[in-house]
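Participant: If you scroll down you'll find the structure; I have some questions about it.
The values are calculated or read from the model by the stated rules, or taken from the named source; none is laboratory data. These figures come from a predicted structure and were not determined experimentally. All Cβ positions, glycine included, derive from the backbone under ideal geometry; neighbour counts span all protein chains shown.
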Amino acid sequence: MLRGQPVEEERSECRDADEPAELGDGDQQAARRLADRAAYGRHVGEPAWESFIERLTRASSQFAQMWATGDVAAPGPRIKMVQHASVGEMRLTASSLTIDGMPEHRIVVYTPNDEESRERVERLRAVADPLVGCPAHARPVSQILAAKTCSSV
């Protein structure tokens, strides 16, 4: 992630152009994006953040309406859908913890939200050479590490 780049920008780097609006899961996801408002407050006027908010506003009238209200999403755990190339879709509860004295940093803990997701996490832990990256561009970890080794020599 680039310094000062919105966290969500990194998460949306690997999306197909014809994919539906970036907001995804309706009300909960749009509301979750409003949590970015607190971080945005420290970056008003920065090009990366301004273009990110502009893209979200164009992609979703729902987001545009919610952003215009000035509301900030309440803190707390969120349910995230993760599509992993090795095991499929998992529903994970994401709990975000801030770090005192480091406003741009946080620790996020993901726990399975249901039994099927728990089983998929267990299967993923057992995969010897899991795929990494979005489903459209996933590569085995061994391939990524081999490429890094070659480029650093």
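Participant: Answer with yes or no whether THR93 is touching a Ser or Thr at 6+ places or on another chain (Cβ under 6 Å), among the β-branched types (Val, Ile, Thr) and within 30 Å of GLY41 (Cα to Cα).
Facilitator: Working: touching a Ser or Thr at 6+ places or on another chain (Cβ under 6 Å): yes; among the β-branched types (Val, Ile, Thr): yes; within 30 Å of GLY41 (Cα to Cα): yes.
Criteria met by THR93.
Participant: What number of residues within the stretch 70-127 satisfy the criterion of being among the polar types (S, T, N, Q) and either more than 25 Å from ILE53 (Cα to Cα) or assigned to a loop (DSSP other than H, G, I, E, B) (or both)? Don't jump to the end; show me each part of the working.
Facilitator: Of the residues in the stretch 70-127, the ones among the polar types (S, T, N, Q) are 83, 86, 93, 95-96, 98, 111, 113, 117.
Of the ones still in play, those that are also either more than 25 Å from ILE53 (Cα to Cα) or assigned to a loop (DSSP other than H, G, I, E, B) (or both) are 86, 111, 113, 117.
Number of matching residues: 4.
Participant: Please go through (1) part of a loop (DSSP other than H, G, I, E, B); (2) modelled with pLDDT under 85; (3) surrounded by fewer than 16 Cβ atoms within 10 Å (Cβ to Cβ) for GLU22 and return the number of the only condition it doesn't satisfy.
Facilitator: Every listed condition holds for GLU22 apart from (3).
Participant: Applying the selection to the stretch 38-53, what residues are assigned to a helix (DSSP H, G or I) and closer than 17 Å to THR69 by Cβ?
Facilitator: Kept after step one, since they are assigned to a helix (DSSP H, G or I), are these residues of the stretch 38-53: 38-40, 47-53.
Matches in the stretch 38-53: ALA38, TYR40, ILE53.
Participant: If a residue must be in contact with a Lys or Arg (Cβ under 7 Å, 6 or more places away or on another chain) and of a type in the set (Val, Ile, Thr), how many such residues does the stretch 59-92 contain?
Facilitator: Just the residues of the stretch 59-92 that are in contact with a Lys or Arg (Cβ under 7 Å, 6 or more places away or on another chain), to begin with: 63, 72-73, 78-79, 81, 87-88, 90, 92.
From what's left, of a type in the set (Val, Ile, Thr): 72, 79, 87.
Counting residues in the stretch 59-92 that are in contact with a Lys or Arg (Cβ under 7 Å, 6 or more places away or on another chain) and of a type in the set (Val, Ile, Thr) gives 3.
Participant: Can we say SER117 is under 21 Å from the mean Cα position of the chain (by Cα) and at pLDDT 90 or above?
Facilitator: Details: under 21 Å from the mean Cα position of the chain (by Cα): yes; at pLDDT 90 or above: yes.
Yes: the conditions hold for SER117.
Participant: Being in contact (Cβ under 8 Å) with a residue 40 or more places away in the chain and buried (at least 16 other Cβ atoms within 10 Å of the Cβ) narrows it down to one of HIS43, HIS84, so name that one. Show your work before the answer.
Facilitator: Values: HIS43 fails: in contact (Cβ under 8 Å) with a residue 40 or more places away in the chain.
Among HIS43, HIS84, only HIS84 is in contact (Cβ under 8 Å) with a residue 40 or more places away in the chain and buried (at least 16 other Cβ atoms within 10 Å of the Cβ).
Participant: Now for a separate question. Give just the number: which of (1) in contact with a Lys or Arg (Cβ under 8 Å, 6 or more places away or on another chain); (2) at pLDDT 85 or above does PRO130 not satisfy?
Facilitator: (1)
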